[in-house]
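Report on the structure given below.
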Amino acid sequence: MRRASVLSRTDLPHIDAELLSKPDLQQLHPAARAMHAPRILLLYGSLRDRSYSRLVTEEAARLLQTLGAETRIYDPRGLPMPDDAPEDHPKVQELRDLTQWSEGMVWCSPERHGAMTGIMKAQIDWIPLAIGSVRPTQGKTLAVMQVSGGSQSFNAVNQLRVLGRWMRMITIPNQSSVAKAYLEFEEDGRMKPSPYYERVVDVMEELVKFTLLTRDSAAYLVDRYSERRESAEALSKRVNLRSI
């Protein structure tokens with residue numbers, strides 16, 4: 001059996017010790033907790049009159065409300081393509097305002113040609129990583145879902161997970177993929193009881209739990225050494241410039 005090696009050196013010469021410390025349990029579990037209902041924004045990726053991604057999203061919103069959350073569903077109709085309109089376009093501002101309002105999000109896209117739809121991607125592309133000093137999505141929770149016209153696939157949810165990481169979100173482990181979605185809904189648009197429906201229930205339950213668990217410490221969870229160091233260097237430069 002190979003013996004565990006012992007580090008001969010434990011110093012970190014490239015670390016600014018003032019900016020790196022052990023995690024603070026009080027900041028991870030603050031005594032003051034938010035008591036309002038978790039705020040969840042839901043996005044879907046189709047404009048069809050009978051859009052199955054919208055129907056799943058509406059079903060998810062009902063479940064979230066039952067679980068104690070406050071929900072908003074963004075309607076993508078009228079949203080221009082990214083870079084084809086100014087940022088003050090009403091639909092863009094509506095999306096950005098809802099994003100800042102939210103504490104968690106649900107993204108649900110159809111899978112088209114093996115990928116999420118352009119409508120889904122356009123919504124995410126209109127959400128910037130930063131608005132001034134505010135990062136609208138950083139540290140917020142995310143659940144991903146998809147619907148397919150054929151057999152079950154995970155291409156769209158996998159892509160949505162990549163985007164969630166890129167947007168610095170806390171993407172929950174569970175996800176939903178509804179195959180042959182046209183068979184899973186009643187004429188009135190309600191989802192039929194099935195293992196697919198129960199998975200949607202599981203995902204929404206998990207999302208609410210993760211949101212309640214992380215929302216009070218979200219800023220601390222995504223506070224990064226590299227960014228603290230960059231901020232400290234920028235502050236030092238400004239102070240030094242003023243003293244010249």
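Checked against (1) more than 17 Å from the chain's Cα centre (by Cα); (2) at pLDDT below 95; (3) assigned to a loop (DSSP other than H, G, I, E, B), Asp188 meets all criteria but (2). Just one of the numbered conditions (1) touching a residue at least 24 places away in the same chain (Cβ under 8 Å); (2) outside any loop (DSSP other than H, G, I, E, B); (3) not aliphatic (A, V, I, L, M) is not true of Gln65: (1). The one condition from (1) surrounded by 10 or more Cβ atoms within 10 Å (Cβ to Cβ); (2) among the acidic types (Asp, Glu); (3) closer than 30 Å to Glu227 by Cα that Glu18 does not meet is (1). Against the condition at pLDDT below 95 and outside any strand (DSSP E or B), how does Gly164 come out, does it pass? No; evaluated as a whole, the condition is false for this residue. Consider segment 129-154 and keep the residues that are under 14 Å from the mean Cα position of the chain (by Cα) and part of a strand (DSSP E or B). The one that is farthest from Met169 (Cα to Cα) is Met145. Checked against (1) surrounded by 15 or more Cβ atoms within 10 Å (Cβ to Cβ); (2) at pLDDT below 95, Glu206 passes all but condition (2).
Scanning segment 22-61 for residues that are part of a helix (DSSP H, G or I), of a type in the set (Asp, Glu) and out of contact with any helix residue (DSSP H, G or I) (no Cβ under 8 Å at 6 or more places or on another chain) yields one hit, Glu58.
Look at Thr71 and say whether it is exposed (fewer than 13 other Cβ atoms within 10 Å of the Cβ) and at pLDDT 95 or above. Judged against the criteria, Thr71 is not a match.
The values are calculated or read from the model by the stated rules, or taken from the named source; none is laboratory data. Keep in mind the model is a prediction, meaning the values are calculated, not measured. Quick reminder, even Gly has a Cβ in these numbers, built from the backbone with ideal geometry, and neighbours come from all protein chains shown.
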